[in-house]
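Reading through the structure tokens given below for one structure.
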Amino acid sequence: MPETVARSIKDASQGYQLRVVQEVILALLAKEASHGYQLRARLQLALGPLAEVLNAGQVYVTLNRLEKAGLVTSERVGQPDRPDRKVYELTAAGHARVIEWLEDTSWPKPAPAEFHLKLVAAAAAGLGDPVRLVDAQRHAVLAGLAAAQRAALAEPDRSVAGLLLEGVVLRLQADLRWLEACARYWTETKGRS
């Protein structure tokens, strides 16, 4: 693989990770104002072992970017015998961005991590019903699956595009199975509440 292609894949993946962290931090702030350490701890709890990809400073860098973009505000809060703590709060523009993210059913990502975090954040902040979000995502995936299957059937046997379309179909089928597991989990969780 040429070096420039490898570099662009790496850059694209870093941009994706940053976007996910931005959206989830905004969603977590929708529930209550928080400082960076609290947000990082909540992200680690939601991601489990996947949280290892977050470096220690990523939450703070992201909070600074969100503040510069006008999506959050901050205030220094004094603490006895400790340095002041910076507490972040969502702005109206930040809240609008969270709602837009929760309603987004596009799924071009390589893994369901962002959607998982969307469900966790929506439930934690009381911003949306995870079962409804799963249902909307399932409908979007079903539409994509039908289109991919039609396209795959239209390809000649043993074509390279057919191979790609087979991969797309298989991934979408796996996504649907995972969404069914999500629906079961969130339905049972709602029943226990």
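The values are calculated or read from the model by the stated rules, or taken from the named source; none is laboratory data. Since the structure is predicted, the reported quantities are computational estimates derived from the model, not experimental observations. A quick note on method: Cβ atoms are made from the backbone with ideal geometry, for glycine too, and the neighbour counts reach across all protein chains shown. SASA here: full protein model, heavy atoms, side chains in, ligands and nucleic acids out. Shrake-Rupley method; radii C 1.70, N 1.55, O 1.52, S 1.80 Å.
Counting just the residues of the range 151-175 that are surrounded by 16 or more Cβ atoms within 10 Å (Cβ to Cβ) and aliphatic (A, V, I, L, M), which one comes out nearest to V134 (Cα to Cα)?
Filtering first and then ranking leaves L172.
Within the range 29-39, take every residue that is open to solvent by less than 20 Å² (accessible area, probe 1.4 Å) and among the hydrophobic types (A, V, I, L, M, F, W, C) and give me the one that is modelled with the highest pLDDT.
The residue in question is L29.
Scan V98, V87 and give me the residue that is in contact (Cβ under 8 Å) with a residue 60 or more places away in the chain and within 24 Å of Q44 (Cβ to Cβ).
Within the list V98, V87, the selection yields V98.
Look at the range 175-193 and say how many of its residues are basic (K, R) and part of a loop (DSSP other than H, G, I, E, B).
Residues meeting the conditions: 0.
It is to be established whether one or more residues within the range 83-94 are closer than 26 Å to D129 by Cα and open to solvent by 80 Å² or more (accessible area, probe 1.4 Å).
So far as the range 83-94 goes, yes, one or more of its residues are closer than 26 Å to D129 by Cα and open to solvent by 80 Å² or more (accessible area, probe 1.4 Å).
Restricting attention to the range 121-131, which residues are outside any loop (DSSP other than H, G, I, E, B) and either open to solvent by less than 40 Å² (accessible area, probe 1.4 Å) or among the β-branched types (V, I, T) (or both)?
Residues satisfying the conditions are A121, A122, A125, P130, V131.
Select from the range 40-56 the residues that are more than 12 Å from A124 (Cβ to Cβ) and modelled with pLDDT of 75 or more and list them in ascending order.
Listed by number, the residues that qualify are R40, A41, Q44, N55.
Which of the residues belonging to the range 179-193 are of a type outside the set (S, T, N, Q) and open to solvent by 80 Å² or more (accessible area, probe 1.4 Å)?
E180, R184, Y185, E188, K190, R192
Considering every residue within the range 132-148, establish whether at least one is open to solvent by 80 Å² or more (accessible area, probe 1.4 Å) and either hydrophobic (A, V, I, L, M, F, W, C) or free of Cβ contacts under 8 Å to residues at least 24 places away in the same chain (or both).
Yes; the residues of the range 132-148 include at least one that is open to solvent by 80 Å² or more (accessible area, probe 1.4 Å) and either hydrophobic (A, V, I, L, M, F, W, C) or free of Cβ contacts under 8 Å to residues at least 24 places away in the same chain (or both).
Residues checked against (1) under 18 Å from the mean Cα position of the chain (by Cα); (2) basic (K, R); (3) at pLDDT 90 or above; (4) under 27 Å from R177 (Cα atoms):
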site: I9; (1), (2), (3), (4): no, no, no, no
site: R65; (1), (2), (3), (4): yes, yes, yes, no
site: V77; (1), (2), (3), (4): no, no, no, no
site: E114; (1), (2), (3), (4): yes, no, no, yes
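Would you say V169 is on the phi < 0 side of the Ramachandran plot and in contact (Cβ under 8 Å) with a residue 12 or more places away in the chain?
Spelling it out, V169 is indeed on the phi < 0 side of the Ramachandran plot and in contact (Cβ under 8 Å) with a residue 12 or more places away in the chain.
Looking at the structure I just gave you, is T105 open to solvent by 20 Å² or more (accessible area, probe 1.4 Å) and modelled with pLDDT of 90 or more?
No.
For residues that are of a type in the set (D, E, K, R) and assigned to a helix (DSSP H, G or I), scanning just the range 143-174, find the one that is nearest to P112 (Cα to Cα).
Going through the qualifying residues, I end up with R171.
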